Amino acid sequence: MKKVIRSFGYAFKGIGYAFKTQLNFRIHSVATLIAAAMGFWLRISTAEWLWIILCIAIVLLTELLNTAIETLTDLVSPQYNEKAGHVKDVSAAAVVVSAVFALIVGMMIFLPKLCLLFCHAA
Ligand SMILES: Nc1ncnc2c1ncn2[C@@H]1O[C@H](COP(=O)(O)OP(=O)(O)OP(=O)(O)O)[C@@H](O)[C@H]1O
């Protein structure tokens, strides 16, 4: 049991490291809070919550993996190396793909509800 608790500690240390060192991770954390707040505010359905939670998980996961890959690349190739550059570029591309996916899903869920709300108010 102690080992499991220690593993969680390491995982939280990793999240802390990503949060401290990566501006993008902080931006995506704020976006997560905004999406969750909008979900409660606009009373989205259970199915919609599942999509939003999936998006949050995918974006934060890719951001964490990107941080790990970047850190490892800096460790094994501190000098300029074309392949190291490709590794970082591909890893960054994975984050962009997940963020675009999340943006599209977020727009499909929130935009019609926001439109309905503000069209009614106007
Ligand atoms: N060792 C290297 N060799 C070749 N190209 C590199 C190397 N390190 C970085 N690059 C290039 O510079 C780009 C930016 O690298 P950098 O490590 O600054 O990534 P970043 O996404 O800006 O990281 P951070 O979020 O930590 O600022 C990479 O995507 C890659 O194209």
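Points to keep in mind about this one:
- The residues of segment 68-122 that are charged (D, E, K, R) and surrounded by 11 or more Cβ atoms within 10 Å (Cβ to Cβ), listed by number, are 70, 74, 88, 113.
- The residues on offer are 30, 90, 59, and the sole one that is more than 18 Å from residue 111 (Cβ to Cβ) and either of a type in the set (Asp, Glu) or within 13 Å of the ligand (Cβ to nearest atom) (or both) is 90.
- Close pairs (7 angstrom Cβ cut-off, 6 or more residues apart or separate chains): of a type in the set (A, V, I, L, M, F, W, C) in segment 48-67, away from the ligand (no atom under 13 Å from the Cβ) and open to solvent by 40 Å² or more (accessible area, probe 1.4 Å) anywhere: 55/101; 58/101
- Filtered residues of segment 13-29 (kept if under 26 Å from residue 100 (Cα atoms) and either open to solvent by 100 Å² or more (accessible area, probe 1.4 Å) or not in a helix (DSSP H, G or I) (or both)): 17, 20, 22, 23
- Pairing each residue of segment 84-112 that is more than 22 Å from residue 44 (Cα to Cα) with any residue that is open to solvent by less than 50 Å² (accessible area, probe 1.4 Å) and outside any helix (DSSP H, G or I), provided the two are 6+ apart or on different chains, yields C-beta distances under 7 Å for 84/77.
- Subset of segment 84-104 (residues that are touching an Asp or Glu at 6+ places or on another chain (Cβ under 9 Å) and under 16 Å from residue 51 (Cβ atoms)): 98, 99
The values are calculated or read from the model by the stated rules, or taken from the named source; none is laboratory data. Please read these numbers as outputs of a predicted model, since none were measured by experiment. Neighbour counts run over all protein chains shown; Cβ positions are idealised from the backbone, glycine included. Side chains are part of the model used for accessible areas, which takes the heavy atoms of the whole protein and leaves out ligands, DNA and RNA. Shrake-Rupley method; radii C 1.70, N 1.55, O 1.52, S 1.80 Å.
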